[in-house]
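This report concerns only the one structure given below.
The values are calculated or read from the model by the stated rules, or taken from the named source; none is laboratory data. Everything numeric in this text was worked out from a predicted model, so none of it was measured. Ideal geometry is used to build each Cβ from the backbone, glycine not excepted, and the neighbour counts take in all protein chains shown.
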Amino acid sequence: MALITCPECGKQISDKADKCIHCGFPITKEIILKSNTEIPTKGSMPENKYLNKEIKFGETPKIQMSSGAKKLLISNAIFGIILIVGAWHLFKFDNDSEKSCTQTVANSKPDYILTAEELNSEYKANEFAAKEKYSGKILQISGHIETFYTFTNNITLVAGFFSNVSCYFEKERTVEFSKLSKGQLVTIKGYYNTRVLALDCCVLE
């Protein structure tokens with residue numbers, strides 16, 4: 001079913017109707033056919049302010065933006081800038097914090113000196129007691145290198161059968177890894193990590 005315009009009253013009616021429901025004007029097949037094939041006039045179409053505007057070559061039509069859209073665009077831009085600046089400051093803070101932590105370890109005497117095997121034995125015997133004992137302390141441990149990776153900034157020391165101690169370094173200090181080899185005996189100093197069997201902010205002795 002389609003809508004057509006009554007030629008008498010100008011209101012919209014169904015093309016299936018025998019007469020106009022508004023004014024009673026009889027609707028013939030000729031009226032229906034004429035209505036379906038009639039080309040819409042300019043007055044019957046929605047006005048488009050760009051349709052009849054002459055646009056010069058290379059010119060981009062200027063689109064008017066509502067005040068609400070402008071405010072939303074500005075708000076999103078400001079939020080994006082704040083997010084970028086915040087992320088940069090967070091990265092800088094973490095980087096500076098790591099450097100400060102490593103410097104503290106390098107300039108401090110260790111609170112405990114032991115081997116990787118001894119640390120692992122204490123950890124396995126009583127994990128909670130080991131965490132309480134070494135929490136916030138600087139440990140100096142010695143052991144043989146199992147693996148070392150510059151992309152993860154860490155060295156793992158053999159600490160027993162299927163056990164190891166992970167030692168994490170500041171990125172700038174991984175240049176020292178080029179002098180290392182698997183199985184080499186090394187001494188490492190760092191803060192005890194209470195979450196896992198590992199040391200943070202490490203330096204090679």
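Key figures for this structure:
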item: Test result for residue 167, under 23 Å from residue 99 (Cα atoms), crowded, with 20+ Cβ neighbours inside 10 Å and without any contact (Cβ under 8 Å) to a residue 40 or more places away in the chain; result: yes
item: Complete set of residues in segment 173-189 that are at pLDDT below 95 and closer than 23 Å to residue 109 by Cβ; result: 173, 176
item: Qualifying positions in segment 143-153 - without any contact (Cβ under 8 Å) to a residue 24 or more places away in the chain and surrounded by 15 or more Cβ atoms within 10 Å (Cβ to Cβ); result: 153
item: Qualifying positions in segment 107-125 - aliphatic (A, V, I, L, M), surrounded by 14 or more Cβ atoms within 10 Å (Cβ to Cβ) and part of a helix (DSSP H, G or I); result: 116, 119
item: Residue within segment 27-45 that is surrounded by 10 or more Cβ atoms within 10 Å (Cβ to Cβ) and modelled with pLDDT under 65 present; result: yes
item: Any pair with Cβ under 7 angstrom, 6 or more apart, that starts in segment 121-142 at a residue that is over 18 Å from residue 110 (Cβ atoms) and ends at one that is hydroxyl-bearing (Ser, Thr, Tyr) and not in a loop (DSSP other than H, G, I, E, B); result: none
item: Subset tally (residues that are at pLDDT below 80 and touching a Lys or Arg at 6+ places or on another chain (Cβ under 8 Å)) for segment 1-26; result: 1
item: Residue list for segment 132-142, restricted to those being surrounded by 15 or more Cβ atoms within 10 Å (Cβ to Cβ) and not aromatic (Phe, Trp, Tyr); result: 138, 139, 140, 141, 142
